[in-house]
Number of protein chains: 2
Amino acid sequence: MKKDLRICFIGDSFVNGTGDETKLGWTGRVSAQLERDRDDLEVTHYNLGIRRNTSEDILNRWGEESQQRLEGDFEKLIVFSFGVNDTVIEGGDQRVSAQQSLENARAMLTEAASVCRVLMIGPPPIADSEQNIRIKDLDGSLAELCQSLSVPYLSVVSELIDDPIWMREVASNDGAHPRSAGYTKLATLVSAWDEWDCCSVSISSIIPID
Amino acid sequence: MKKDLRICFIGDSFVNGTGDETKLGWTGRVSAQLERDRDDLEVTHYNLGIRRNTSEDILNRWGEESQQRLEGDFEKLIVFSFGVNDTVIEGGDQRVSAQQSLENARAMLTEAASVCRVLMIGPPPIADSEQNIRIKDLDGSLAELCQSLSVPYLSVVSELIDDPIWMREVASNDGAHPRSAGYTKLATLVSAWDEWDCCSVSISSIIPID
């Protein structure tokens, strides 16, 4: 009998997989890989990424949407990823200030971690070097916040800025989102993270040994 | 400039793609195929299938969840698919009576169709011949309801009962959900539906011709 792990991936267009012609995104690839890597797991994949969503938008919906999907007797995991939309300048102002982004993240991570295991993936770079500076700053702050909350955090922005596939696809697509090769690269970074091992360990640990 | 079509697929575990080791499900395959078939479309794929959801559960969440995803200046489409869980017998009772299933469907379809284009895919068969009779009955009633509301409806239950791949994968998996070959078969039926042409026509028709 395999363990029934249900994952809510909560975030923005990058979580949605916008631009990926295969419609798998990084979340579909990571879920499929996790099942291939762990004989003991069946993974249900709930993709709750919404285009244009800031941390503010996500704060207002993540609780209800994940509760709808994670009520029941099975293993639960919530994976957050957001931040790029917060750093967009619109009408002269940043959509969400860095301070507010962190307050929003703190509220979500604290509440989610009281319910189940939580992971966070940092925001990726886009084809705008000035915005990438703000994304990197936010990434550093989110990493610190997550450390203070004992939530595992994976920063991907530096590796993707140095990745020719990600940066070329983003630039030639819509300036923000890659196509399938970029999402495959991001999925590879996420799948290689050793926190997925912990996930398995944490699940095994609740199985009584007779 | 391609047209920006965002689709909410709303329903149950079959919409989620439960059992599909590729994590694409039929909704991912249909969305990718639609983009390949139509040079003029970019398709955003929102999968809002939840395991164990009956029409009652979906009635309570579809509006809020689709509104979160479909507010904005782009083409919108809602695709519903549910019914199998309604026909499950639990503790001697059917989870949702046939009459209540139809009332729930009528409420959702009427409201959704007042907002944007709506399609409905009927419930698929499982590995339980008695439940399949109830699924077929519900399928017939949903088809009639949809016709009365001018909502295009695609029945798939008879073709899938006759499909050895679907029935074999369902039986050898968990008795309800196929693996990737079954979902590929269902996606092929859905993609071949001529209502996707209408979708394209309807979108083209709002583009002014100068």
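Give the stretch A:107-155 a look and list any residue that's under 15 Å from the mean Cα position of the chain (by Cα) and not aliphatic (A, V, I, L, M), or say none.
A:ARG117, A:GLY122, A:PRO123, A:PRO124, A:PRO125, A:ASP139, A:CYS146, A:PRO152, A:TYR153, A:SER155
Answer yes or no: is there a residue in the stretch A:64-76 that is closer than 30 Å to B:ASP37 by Cα and at the interface with another protein chain (Cβ under 9 Å from one of its Cβ atoms).
Within the stretch A:64-76 (the criterion being closer than 30 Å to B:ASP37 by Cα and at the interface with another protein chain (Cβ under 9 Å from one of its Cβ atoms)), the answer is no, since none of the residues qualifies.
Filter the stretch B:1-27 for residues that are crowded, with 21+ Cβ neighbours inside 10 Å and free of Cβ contacts under 8 Å to residues at least 40 places away in the same chain and give the result.
If the condition is that a residue be crowded, with 21+ Cβ neighbours inside 10 Å and free of Cβ contacts under 8 Å to residues at least 40 places away in the same chain, then B:ASN16, B:LYS23 are the ones that fit.
Return the residues of the stretch B:88-139 that are under 26 Å from B:ARG6 (Cα atoms) and hydroxyl-bearing (Ser, Thr, Tyr); say none if nothing qualifies.
B:THR110, B:SER114
For residues that are in contact with a strand residue (DSSP E or B) (Cβ under 7 Å, 6 or more places away or on another chain) and within 8 Å of chain A (Cβ to nearest Cβ), tally how many sit in the stretch B:46-61.
The total comes to 3.
Just to verify a result, which residue in the stretch B:1-45, among those that are facing chain A (nearest Cβ under 7 Å) and assigned to a strand (DSSP E or B), is farthest from the chain's Cα centre (by Cα)?
B:THR44
Of all residues in the stretch B:69-91, which are surrounded by 19 or more Cβ atoms within 10 Å (Cβ to Cβ) and more than 18 Å from the chain's Cα centre (by Cα)?
Hit for the stretch B:69-91 is B:GLU75, nothing else.
Throughout, read-outs are computed from the coordinates displayed, never taken from laboratory work. If you're wondering where the values come from, they're calculated on a predicted model, not measured in any experiment. Cβ atoms come from the backbone with ideal geometry, glycine included; neighbour counts cover every protein chain shown.
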